[in-house]
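Since the structure comes first, as C-alpha coordinates, the remarks are kept for the end.
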Amino acid sequence: YERLERWCNDLLLVIAFTGRAHDSGDVHSVMRTRYMDEYDAHREGGGPQPFMVKVMEKVGSTAWRGKMALLRGDWPEFGQLMMENHRLVDEMMEYCGLQGGAGTANNLLIQAAMSGGALGAKLTGAGGGGSVFALAEKGCEDELVAALRTAAYEAGLADAQVWRAHIDLQGLRQG
(Lines give C-alpha, C1' and ligand atoms only; values in the text may rest on other atoms or scores of the structure.)
Protein backbone atom coordinates (compact mmCIF):
# COMPACT_ATOMS: atom_id res chain seq x y z
CA TYR A 1 0.00 0.00 0.00
CA GLU A 2 1.29 3.40 -0.93
CA ARG A 3 -0.43 6.75 -0.43
CA LEU A 4 -0.73 8.57 -3.74
CA GLU A 5 -2.97 11.54 -2.88
CA ARG A 6 -0.07 13.91 -3.43
CA TRP A 7 -0.32 13.05 -7.12
CA CYS A 8 -3.91 11.92 -7.40
CA ASN A 9 -6.52 12.96 -4.86
CA ASP A 10 -9.50 11.40 -6.64
CA LEU A 11 -10.06 8.84 -9.35
CA LEU A 12 -13.17 8.90 -11.47
CA LEU A 13 -14.14 5.38 -10.44
CA VAL A 14 -17.51 3.73 -10.73
CA ILE A 15 -17.98 0.54 -8.68
CA ALA A 16 -20.36 -2.21 -9.71
CA PHE A 17 -21.17 -4.99 -7.24
CA THR A 18 -22.79 -7.94 -9.00
CA GLY A 19 -24.80 -8.89 -5.92
CA ARG A 20 -23.02 -12.24 -5.88
CA ALA A 21 -20.94 -12.73 -2.76
CA HIS A 22 -18.42 -15.56 -2.52
CA ASP A 23 -15.35 -16.62 -0.60
CA SER A 24 -12.28 -15.21 -2.36
CA GLY A 25 -10.23 -18.02 -0.83
CA ASP A 26 -12.04 -20.46 -3.13
CA VAL A 27 -10.53 -18.63 -6.11
CA HIS A 28 -7.16 -17.67 -4.69
CA SER A 29 -6.40 -21.16 -3.39
CA VAL A 30 -6.84 -22.68 -6.86
CA MET A 31 -4.62 -20.08 -8.48
CA ARG A 32 -1.97 -20.06 -5.77
CA THR A 33 -1.70 -23.85 -5.81
CA ARG A 34 -1.30 -23.88 -9.59
CA TYR A 35 1.28 -21.08 -9.46
CA MET A 36 3.34 -22.73 -6.71
CA ASP A 37 3.26 -26.13 -8.41
CA GLU A 38 4.51 -24.61 -11.68
CA TYR A 39 7.06 -22.42 -9.93
CA ASP A 40 8.50 -25.31 -7.89
CA ALA A 41 8.65 -27.63 -10.92
CA HIS A 42 10.39 -24.94 -12.95
CA ARG A 43 12.91 -24.26 -10.20
CA GLU A 44 13.74 -27.95 -9.93
CA GLY A 45 13.66 -28.88 -13.61
CA GLY A 46 14.41 -25.69 -15.50
CA GLY A 47 13.17 -25.24 -19.03
CA PRO A 48 10.84 -22.59 -20.36
CA GLN A 49 9.10 -20.36 -17.88
CA PRO A 50 5.68 -21.83 -16.97
CA PHE A 51 2.44 -20.09 -17.92
CA MET A 52 1.46 -18.95 -14.41
CA VAL A 53 4.90 -17.48 -13.69
CA LYS A 54 4.94 -15.62 -17.02
CA VAL A 55 1.46 -14.22 -16.54
CA MET A 56 2.10 -13.12 -12.95
CA GLU A 57 5.24 -11.29 -14.09
CA LYS A 58 3.13 -9.52 -16.73
CA VAL A 59 0.51 -8.65 -14.10
CA GLY A 60 3.23 -7.12 -11.91
CA SER A 61 4.69 -5.17 -14.82
CA THR A 62 1.23 -3.92 -15.81
CA ALA A 63 0.58 -2.75 -12.25
CA TRP A 64 3.88 -0.86 -12.19
CA ARG A 65 3.16 0.80 -15.54
CA GLY A 66 -0.32 1.63 -14.24
CA LYS A 67 1.15 3.39 -11.23
CA MET A 68 3.42 5.45 -13.49
CA ALA A 69 0.43 6.40 -15.72
CA LEU A 70 -1.55 7.36 -12.63
CA LEU A 71 1.29 9.55 -11.36
CA ARG A 72 1.46 11.28 -14.76
CA GLY A 73 -2.33 11.71 -14.82
CA ASP A 74 -2.46 9.80 -18.11
CA TRP A 75 -5.99 8.46 -17.70
CA PRO A 76 -6.32 6.87 -21.18
CA GLU A 77 -3.14 4.86 -20.60
CA PHE A 78 -4.23 4.01 -17.06
CA GLY A 79 -7.53 2.73 -18.46
CA GLN A 80 -5.77 0.64 -21.11
CA LEU A 81 -3.56 -0.89 -18.43
CA MET A 82 -6.65 -1.71 -16.33
CA MET A 83 -7.98 -3.60 -19.35
CA GLU A 84 -4.65 -5.37 -19.89
CA ASN A 85 -4.56 -6.40 -16.23
CA HIS A 86 -8.09 -7.75 -16.47
CA ARG A 87 -7.31 -9.65 -19.68
CA LEU A 88 -4.30 -11.31 -18.04
CA VAL A 89 -6.20 -12.23 -14.87
CA ASP A 90 -9.17 -13.53 -16.86
CA GLU A 91 -6.84 -15.66 -19.00
CA MET A 92 -5.04 -16.98 -15.93
CA MET A 93 -8.29 -17.86 -14.17
CA GLU A 94 -9.58 -19.65 -17.26
CA TYR A 95 -6.27 -21.56 -17.44
CA CYS A 96 -6.72 -22.59 -13.79
CA GLY A 97 -10.09 -24.13 -14.63
CA LEU A 98 -12.26 -21.45 -13.05
CA GLN A 99 -15.48 -21.47 -15.03
CA GLY A 100 -16.04 -18.18 -16.81
CA GLY A 101 -12.50 -16.98 -16.04
CA ALA A 102 -12.90 -13.82 -13.98
CA GLY A 103 -16.62 -14.56 -13.77
CA THR A 104 -19.46 -14.25 -16.23
CA ALA A 105 -21.13 -11.39 -14.32
CA ASN A 106 -17.82 -9.54 -13.89
CA ASN A 107 -16.94 -9.86 -17.57
CA LEU A 108 -20.44 -8.75 -18.58
CA LEU A 109 -20.21 -5.61 -16.44
CA ILE A 110 -16.70 -4.84 -17.70
CA GLN A 111 -17.93 -5.04 -21.29
CA ALA A 112 -20.91 -2.85 -20.39
CA ALA A 113 -18.57 -0.30 -18.81
CA MET A 114 -16.44 -0.16 -21.94
CA SER A 115 -19.54 0.15 -24.14
CA GLY A 116 -20.73 2.89 -21.77
CA GLY A 117 -17.61 4.99 -22.38
CA ALA A 118 -15.24 3.86 -19.62
CA LEU A 119 -11.53 4.37 -20.19
CA GLY A 120 -10.91 0.98 -18.57
CA ALA A 121 -12.43 -1.55 -16.22
CA LYS A 122 -11.35 -4.60 -14.25
CA LEU A 123 -12.37 -6.87 -11.41
CA THR A 124 -11.60 -5.63 -7.91
CA GLY A 125 -11.06 -8.83 -6.00
CA ALA A 126 -10.71 -12.54 -6.52
CA GLY A 127 -13.16 -12.73 -9.42
CA GLY A 128 -15.92 -15.21 -10.02
CA GLY A 129 -18.59 -12.73 -8.93
CA GLY A 130 -18.18 -9.84 -6.57
CA SER A 131 -17.27 -6.43 -7.95
CA VAL A 132 -15.64 -4.54 -10.78
CA PHE A 133 -14.59 -0.95 -11.10
CA ALA A 134 -14.44 1.28 -14.14
CA LEU A 135 -12.55 4.49 -14.85
CA ALA A 136 -14.87 7.17 -16.22
CA GLU A 137 -14.03 10.09 -18.45
CA LYS A 138 -14.24 13.36 -16.52
CA GLY A 139 -17.84 14.58 -16.56
CA CYS A 140 -19.22 11.22 -17.73
CA GLU A 141 -19.47 9.45 -14.36
CA ASP A 142 -23.28 9.60 -14.17
CA GLU A 143 -23.66 8.14 -17.68
CA LEU A 144 -21.33 5.29 -16.76
CA VAL A 145 -23.29 4.58 -13.57
CA ALA A 146 -26.50 4.48 -15.63
CA ALA A 147 -24.97 2.17 -18.26
CA LEU A 148 -23.80 -0.28 -15.60
CA ARG A 149 -27.14 -0.22 -13.78
CA THR A 150 -28.94 -0.93 -17.05
CA ALA A 151 -26.57 -3.78 -17.91
CA ALA A 152 -26.96 -5.32 -14.44
CA TYR A 153 -30.76 -5.07 -14.66
CA GLU A 154 -30.86 -6.57 -18.17
CA ALA A 155 -28.58 -9.43 -17.04
CA GLY A 156 -30.95 -10.27 -14.19
CA LEU A 157 -28.51 -9.22 -11.48
CA ALA A 158 -31.36 -8.23 -9.15
CA ASP A 159 -29.07 -7.53 -6.16
CA ALA A 160 -26.48 -5.54 -8.11
CA GLN A 161 -25.43 -2.11 -6.89
CA VAL A 162 -23.59 0.61 -8.80
CA TRP A 163 -22.17 3.85 -7.42
CA ARG A 164 -19.53 6.51 -7.96
CA ALA A 165 -16.63 6.04 -5.58
CA HIS A 166 -14.58 8.85 -4.06
CA ILE A 167 -11.28 8.85 -2.26
CA ASP A 168 -11.59 10.21 1.25
CA LEU A 169 -8.22 11.48 2.40
CA GLN A 170 -9.23 11.06 6.06
CA GLY A 171 -10.07 7.38 5.53
CA LEU A 172 -13.04 5.47 6.83
CA ARG A 173 -14.75 7.12 9.77
CA GLN A 174 -17.62 6.07 11.99
CA GLY A 175 -20.68 8.25 11.32
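Numbers for the structure displayed
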| read-out | value |
| --- | --- |
| Residue (of 39, 110, 95) at the positive-pole extreme of the chain, dipole from beta-carbon charges | 39 |
| Spread of Cα-to-Cα distances over 5 Å intervals beginning at zero, given as percent, for segment 15-109 | 3, 12, 18, 20, 19, 15, 9, 4, 1 |
| Contour excess over end-to-end distance, with Cα ends at residue 49 and residue 143 and 0.36 nm allotted per residue | 29.5 nm |
| Helix axis angle, 24-45 relative to the chain longest principal axis, alpha carbon, degrees | 30 |
| Förster radius 45 Å - calculated FRET efficiency between residue 161 and residue 71 (Cβ-Cβ, nearest 0.05) | 0.90 |
| Value of [θ]222 nm, deg cm²/dmol, for the chain, DSSP H segments ≥ 4, -39500 (n - 2.57) each, nearest 500 | -17500 deg cm²/dmol |
| Rounded tilt (10° steps) of 141-154 against the dominant C-alpha axis of the chain | 70 |
| Relative contact order computed over segment 12-78 (Cα-Cα under 8 Å; 6+ residues apart), in percent | 17 |
| Range in the chain, longest, excluding exposed chymotrypsin sites (Phe, Trp or Tyr not before Pro) [loop by DSSP; at most 13 other beta-carbon atoms within 10 Å] | 8-175 |
| Accessible surface, segment 59-175, averaged per residue in Å² (probe 1.4 Å) | 53 |
| The chain - percent of accessible surface contributed by carbon and sulfur, probe 1.4 Å | 51 |
| 10 Å binning of all Cα-Cα separations within the chain, expressed as whole percents from 0 upward | 10, 33, 35, 18, 4, 0 |
| Dimensionless Rg over Rh [segment 81-175; C-alpha; Kirkwood] | 1.00 |
| Along the chain, longest interval not containing exposed trypsin sites (Lys or Arg not before Pro), exposed being DSSP loop plus at most 12 other Cβ atoms within 10 Å | 7-137 |
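The values are calculated or read from the model by the stated rules, or taken from the named source; none is laboratory data. Nothing here was measured: the structure is a model prediction, and the numbers come from that model. When we count neighbours, we look across all protein chains shown, and the Cβ atoms used for this are built from the backbone with ideal geometry, even at glycine. Note: areas computed on protein heavy atoms with side chains; ligands, DNA, RNA excluded. Shrake-Rupley method; radii C 1.70, N 1.55, O 1.52, S 1.80 Å.
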